[in-house]
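The values are calculated or read from the model by the stated rules, or taken from the named source; none is laboratory data. From a predicted model like this one, the values you see are computed outputs, not experimental measurements. FYI the Cβ positions are ideal-geometry reconstructions off the backbone, even for glycines, and counts take in every protein chain you see. Accessible surface areas use protein heavy atoms only, side chains included; no ligands, DNA or RNA. Shrake-Rupley method; radii C 1.70, N 1.55, O 1.52, S 1.80 Å.
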4 protein chains.
Amino acid sequence: MKAVRLHEFHQMPVIDDISEPTAQGPFDVVVKVGGAGVCRTDLHIMEGQWDTAMGTPLPYVLGHENAGWVHEIGAGVTNVDVGDTVILHPTPTCGLCRACRAGQDMHCSSSTFPGLDGSDGGMAEYLLTSARACVKLDPATRPEDVAALADAGITAYHAVRKVIPLLYPGTTCAVIGAGGLGHIGIQCLAALTATTIVVVDRNPDALALAEKLGANHTVVADGKHVDAVKDLTGGKGADIVLDFVAEEGAENDGFAMTRPGGSYSVIGYGGSLTIPTLDIISTERNIIGNIVGTYNELAELMVLAEAGKVTLHTKAYPLDAAQEALADLDAGKVRGRAILVP
Amino acid sequence: MKAVRLHEFHQMPVIDDISEPTAQGPFDVVVKVGGAGVCRTDLHIMEGQWDTAMGTPLPYVLGHENAGWVHEIGAGVTNVDVGDTVILHPTPTCGLCRACRAGQDMHCSSSTFPGLDGSDGGMAEYLLTSARACVKLDPATRPEDVAALADAGITAYHAVRKVIPLLYPGTTCAVIGAGGLGHIGIQCLAALTATTIVVVDRNPDALALAEKLGANHTVVADGKHVDAVKDLTGGKGADIVLDFVAEEGAENDGFAMTRPGGSYSVIGYGGSLTIPTLDIISTERNIIGNIVGTYNELAELMVLAEAGKVTLHTKAYPLDAAQEALADLDAGKVRGRAILVP
Amino acid sequence: MKAVRLHEFHQMPVIDDISEPTAQGPFDVVVKVGGAGVCRTDLHIMEGQWDTAMGTPLPYVLGHENAGWVHEIGAGVTNVDVGDTVILHPTPTCGLCRACRAGQDMHCSSSTFPGLDGSDGGMAEYLLTSARACVKLDPATRPEDVAALADAGITAYHAVRKVIPLLYPGTTCAVIGAGGLGHIGIQCLAALTATTIVVVDRNPDALALAEKLGANHTVVADGKHVDAVKDLTGGKGADIVLDFVAEEGAENDGFAMTRPGGSYSVIGYGGSLTIPTLDIISTERNIIGNIVGTYNELAELMVLAEAGKVTLHTKAYPLDAAQEALADLDAGKVRGRAILVP
Amino acid sequence: MKAVRLHEFHQMPVIDDISEPTAQGPFDVVVKVGGAGVCRTDLHIMEGQWDTAMGTPLPYVLGHENAGWVHEIGAGVTNVDVGDTVILHPTPTCGLCRACRAGQDMHCSSSTFPGLDGSDGGMAEYLLTSARACVKLDPATRPEDVAALADAGITAYHAVRKVIPLLYPGTTCAVIGAGGLGHIGIQCLAALTATTIVVVDRNPDALALAEKLGANHTVVADGKHVDAVKDLTGGKGADIVLDFVAEEGAENDGFAMTRPGGSYSVIGYGGSLTIPTLDIISTERNIIGNIVGTYNELAELMVLAEAGKVTLHTKAYPLDAAQEALADLDAGKVRGRAILVP
């Protein structure tokens, strides 16, 4: 089969012809890929950043945002059948560790991350995953329409879901960054709360989209944006700040625009927080970390997607055009999410 | 009456003879002081640190940790009577703002902080406070025995209470600092959870006391303490870290000894956290701020104190010896808490 | 002033001319009534049901759902000023008991219930209440448009708010009764969750309205409705059942249509539950009681109302027509809520 | 191997010689039984009660409270090895349904209940179970000492754990029934909270034991016990009532001794609740169902057991004496828990 494999860092991955995966273990599932999201993280992988972090043997197939149809199942698989339309949780988990037993998939002590940690991902005709990664979809769903929810979507949803109890009517939630993850987060906030949504972004086009998706106020990140958020909240700051950027200063601005007793929730990364402990305790603010989400959260997000409450802007590329898709992304030419469709 | 008043920064406060306060407003309560805690914060006030932060007109009476007996009540006071033994919440609150209506006294939009913000405190024979600050005690309680719970105690209890649901059996809670607040926190943990308590302190004597109070393991803060806590937790770190120091590097060590999915809870202050956002998100850790506590938390803590589950080491000084008490504290000569007894 | 006073049970109340109330205590507030809801509970009061329950000395002014403008304030009132538009929490609370200190207004140990417990209510030109009952509104709000939210609204909102964390996407919430409270509950569910809303009522007109307000499915309560709800939920039952009727068998049906692990939440009353304890434990279901709500919940509900997310159908009557309004209500002629407008 | 099999209802089970189970599926685990608890439920099974409820084909091996050593493992088992000491969760679960993915083992859509639902239980030399049921123990643990925690223990722990956040200092928890489950519940309360524990039982010996285990007050269930609990709680009732009996009137007494705003939690069964919905709403009380517990809860309970915070009174019988053990239990001759030791 065709597969987009990375052979060398700082080089484009190439289309290889490799053998199809098969279900060997009892919980193995082979999925015929219907859509594989192209993500900024893929560019970081190509630059070698993740190799530095975790060591990733080359070559391997990229693609960590995948949806498709079940092609083959192992002997112990009972939750999906051949032919089912599925979206895949990005980290197949063991199901036996204490974190898995609590439903905390993102803290599994022995999960893998296909397409990122060196195991083969979904930019290919077929992908090997596990029963525990498969969320069954309405057969009418087109995998290419939802694939990007498998990673970008679940992460945004997870961050929003944790703060719902804090976002009762009358509160304000500031969202920093209305890009790939942020624009999903805004839709989740609008679907699940009646909080006042304030979106902060450098890009006026992104803010215009944010308004359509449910933002009540938008603020251009022009250096005066912390004050602007405070002005919109009676001088106090937002009850919750969801920071989908968290680099280049956004992180310290994000904490600064959080009101006393509020929480600054980090989803993006790249920057560094510097905060006197006096500022944390005198105002009793919290900082919340977020990574991916649970299996059930992906299933819940798909309910929102199937109900039309969360939608994605996507641009499809054939698998053969993977290099073009990556280059477009790198050049800022992709509006919404690029999706490879084998 | 006699009162310990600060007239100039960087000078000792002096014993003045001033007129007794009287109940003017409907909710005013005048308390005959039975014990007033002497706190490191008093030294900081004398150094002018709080004046910098909030502006504190001189002179005023020090003393923000107070207990005693009700001496006079305003016309609208229904929760205490003259003669009642009471401990005082440190920040009399308005009772009408949204924070007060949610029971979040520490976020009241118009509270005062007698003995700290420029209004007269409790290092005197009598103190003016409000009905909302009074927690009624068993008449047999000696105010001087519990006064230090009014501020140090409530703060430690508040921080512990917030994390109880996370400290189920099998978890580990690391406590940094077994001093004034920390040794109360350890007792609260032992009374309210079955978590494994690991206490970190530079001082072996403090660690010896910690063991008597319920610590399961103790670690000398000698530079290898982060690794020591990790070794005690299977290499992962503590589920919860309660940092009663949060300065001189303790704060970054505290975050470093927190396990993935865990929370670093800040009670002390003085230092500065520096954390890459990647470290927050890749492990999904949280940082929790803490300040004072609620009225009900002080009432709950008094239940623990009256049951003998939280006890304090105190050293009594007559009111006239206030300068001596402050000097002893500054010189590190006070074991436990110095209490002025008018 | 004119006031609608009940002089004898089983008789219509009459329009009396009584003296206007004045602010005596420091927290007293006199409100010029702008709208007073006429509620089925008023009919029950007239029948003597509440007298049996709590003893209610006659005569007194009816009216427990009130909104208007502040007319006079006591010396200690800081949260509202003369002229402010306000809606009134139905039970002025003491602010000092442990329940009040936790924000649990409905469990105040010494609250009153004007218009119901024998103290004068709001079917009059002026009403005496307390600072703690006043929720300040946008001056543009017409009291008669929102008065019914003061009791019917807060109760429905309170019940919904408690179960929001359980109503994640993919769950089903069954609502029994789409009348006065139920139709507010449906709007709250639609505004605050993405759950699937199934509404059960005997009245097809009420169901038609429910669909407009956000119901995803409607079920006529025709004896087969428990099975109908199960059919809509894969045979399992609803995750949450909100029972706004809870009499004439609705209560046992409500429990029966709750899925294993789910919760049956009671808002209506009049009937009696009979449940084998085996049925409770073998399926681990819960039963949740609800009464009124907190001050902050009323404030939150007003945010939804001002945003147009919760609206009420009302029919205005002049104060002089109180008997007509009560008779219309008793005869089933009131569509939505009858409001007396002095 | 020897196994205690039930061949006919209303007859004693007999010791059969049957073939040993073997690991067939990838997640199968065969355990050499070290202790199998003899439970009142076994008597109910023999009486045919569970056959009525779920249909249980005869003959099958009894025993649903088991601990022992791993004897054989399937190809996919990674969490235990041959030779490990283990206690077994009573309901091996699928690991793939939404309840399992949330850690809610007791709501698994396809679990089994060996020794109860017709599949072979642990009153035998060997037992077939699954990897997901195995909680690994300290090798020094004697299975016969802890076996009864596998069902009685987890159920009591689960009920206590759910209400911990409600049992802050100053609250009261009433425990009805200090027998098999109740005496574990009391120990869990004492280990995990500082609530005031009031134990109600008909048997003064059980109450004497309860005091040793941590009860602060004991009340003989003599018909005046509801009033006695109210007297101990200022006339209001207990914040939480844990009812380990829930039959013969205990259930309605239990609800009656619950304070306004409190919760009545049901663990026992056999009786029937009859409650006017007015009583539920006017006091805003809750009723909480409980069944077994999660895998992680069993693991947590074993931490308490290994720390000596929860201990069991047991009486060992050889497997051949199964009939004697069942007869002793039926005759009320077993003090603590009877354990079969193969």
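Data for the structure
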item: Given (1) over 25 Å from D:G270 (Cα atoms); (2) crowded, with 23+ Cβ neighbours inside 10 Å, number of the condition D:D201 does not satisfy; result: (1)
item: Residues that are among the small types (G, A, S) and surrounded by fewer than 19 Cβ atoms within 10 Å (Cβ to Cβ), drawn from the stretch A:46-75; result: A:G48, A:A53, A:G55, A:G74, A:A75
item: Hits in the stretch A:158-181 - residues which are part of a loop (DSSP other than H, G, I, E, B), open to solvent by 10 Å² or more (accessible area, probe 1.4 Å) and either β-branched (V, I, T) or in contact (Cβ under 8 Å) with a residue 60 or more places away in the chain (or both); result: A:G179
item: Some residue of the stretch C:122-138 being part of a helix (DSSP H, G or I), under 27 Å from C:A178 (Cα atoms) and not hydroxyl-bearing (S, T, Y); result: no
item: Yes/no for B:L43 being assigned to a loop (DSSP other than H, G, I, E, B) and either surrounded by 14 or more Cβ atoms within 10 Å (Cβ to Cβ) or not polar (S, T, N, Q) (or both); result: no
item: Evaluation of C:P90 against (1) modelled with pLDDT of 95 or more; (2) closer than 26 Å to C:L312 by Cβ; (3) touching a Ser or Thr at 6+ places or on another chain (Cβ under 7 Å) (one fails), failing number; result: (3)
item: Residues being open to solvent by less than 40 Å² (accessible area, probe 1.4 Å) and not in a loop (DSSP other than H, G, I, E, B) - total across the stretch C:300-340; result: 17
item: Residue count for the stretch C:82-117, restricted to those that are surrounded by fewer than 20 Cβ atoms within 10 Å (Cβ to Cβ) and more than 13 Å from every other protein chain (Cβ to nearest Cβ); result: 4
item: Residues being closer than 21 Å to C:E72 by Cα, open to solvent by less than 90 Å² (accessible area, probe 1.4 Å) and not in a strand (DSSP E or B) - total across the stretch C:1-22; result: 4
item: Among the candidates D:T294, D:T277, D:T258, residue that is without any contact (Cβ under 8 Å) to a residue 12 or more places away in the chain and surrounded by 20 or more Cβ atoms within 10 Å (Cβ to Cβ); result: D:T277
item: Members of the stretch B:234-250 found to be charged (D, E, K, R) and open to solvent by 50 Å² or more (accessible area, probe 1.4 Å), listed by number; result: B:K236, B:E247, B:E248
item: Residues of the stretch B:118-128 classified as surrounded by fewer than 21 Cβ atoms within 10 Å (Cβ to Cβ) and either within 14 Å of chain C (Cβ to nearest Cβ) or under 19 Å from C:P26 (Cβ atoms) (or both), total; result: 0
item: Helices (runs of 4 or more DSSP H) lying entirely in the stretch B:208-295 (those with 3 or more residues that are closer than 28 Å to A:G249 by Cα and more than 7 Å from chain A (Cβ to nearest Cβ)); result: B:250-256
item: Any chance D:L340 is under 24 Å from C:V245 (Cβ atoms) and in contact with a Phe, Trp or Tyr (Cβ under 8 Å, 6 or more places away or on another chain); result: no
item: Residue pairs meeting the criteria (Cβ under 7 Å; at least 6 apart or on separate chains; first within 21 Å of C:V30 (Cα to Cα) and at pLDDT below 95, in the stretch C:1-16; second small (G, A, S) and open to solvent by less than 30 Å² (accessible area, probe 1.4 Å)); result: none
item: Subset of the stretch A:261-274 [modelled with pLDDT under 95 and surrounded by fewer than 18 Cβ atoms within 10 Å (Cβ to Cβ)]; result: A:G270
item: Residues (surrounded by fewer than 24 Cβ atoms within 10 Å (Cβ to Cβ) and β-branched (V, I, T)) located in the stretch A:136-157; result: A:T141
item: Matching option when the condition is farther than 26 Å from B:A299 by Cα, open to solvent by 40 Å² or more (accessible area, probe 1.4 Å) and not assigned by TED's automatic domain parsing to the domain that holds D:V38, among D:D227, D:D231; result: D:D227
item: Residue in the stretch D:90-110 that is touching a residue at least 40 places away in the same chain (Cβ under 8 Å), hydroxyl-bearing (S, T, Y) and not in a loop (DSSP other than H, G, I, E, B) present; result: no
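Listed here are the residues, each with its yes/no results for (1) closer than 27 Å to A:A338 by Cβ; (2) touching a Lys or Arg at 6+ places or on another chain (Cβ under 7 Å).
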position	(1), (2)
A:L166	no, no
A:G182	yes, no
A:A191	yes, yes
A:P204	yes, no
A:A221	yes, yes
A:K224	no, no
A:L232	no, no
A:A238	no, yes
A:L242	yes, no
